[in-house]
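Everything below concerns the one structure shown next.
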Amino acid sequence: MLFHVRNTRVFDRAMTPGIVGEERMSYLLGPELHQVVIFRIEDEISRGSRISKATLVIPILGPAGQPGSLGVARVLRRWDATTVSWEVPWSKPGGEQGIDYGTVRAVPVVCGAAGEVVQVQLDVTADVSRWVSGRSRNFGWMIHGDVRVGGRSNPLIAATPRVDVKYIDVAAASAGAGFGGL
């Protein structure tokens, strides 16, 4: 059986017009920066598509050559980029694991040379599969750590987070489209 195989990258709308964008909000607590980011993946990929691989790519900048920490968790509740803060909409300030966000996946990082942006990659295949299948709602990810993360809110890093997805578009395959790609 032939399947329609596609690869797609989902970027920040401001950087790449016409591609599904992100909303993001950053807030500080002491030395840690917390960010919430959402990509409208389900608007780009047909419901029921089979996700082969999904990678969240996060550009970071930190103290030259120093180790840093980055944690990523799936957000479990709706938020709005215009109102989200350390206290809103979370059940307690900063959110609570299991209520506001899922299990935190720790990502150890080593920052590059002074001014060098390092691309941190995290496998998010399970999250994207859940969202595309309709098994759970996409409220994005919460990113926190002691390094700076790229995006519209950080002029020091030109690169923005992105999601790279490799998937099989079952709807296109059943319509006889065969193999293809983006």
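The table below gives the values:
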| item | result |
| --- | --- |
| Ranked packing of 61-68, 124-131, most packed first, by mean Cβ within 10 Å | 124-131, 61-68 |
| In nm, spacing of pseudo-spin labels at Ala106 and Arg137 (7 Å Cα→C-beta vector) | 3.1 nm |
| Estimated distance in nm for a label pair at Ala126 and Thr82, the labels positioned 7 Å out from Cα along Cα-to-Cβ | 3.6 nm |
| Interchain or long-range residues, amide H under 5 Å from Leu70's placed H | Val107, Val109 |
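Bear in mind that the values in this text are calculations on the coordinates, not laboratory data. Just so we're clear, the structure is a prediction, and the values are computed from it rather than from any experiment. Using ideal geometry, Cβ is built from the backbone for each residue, glycine included, and neighbour counts are taken over all protein chains shown.
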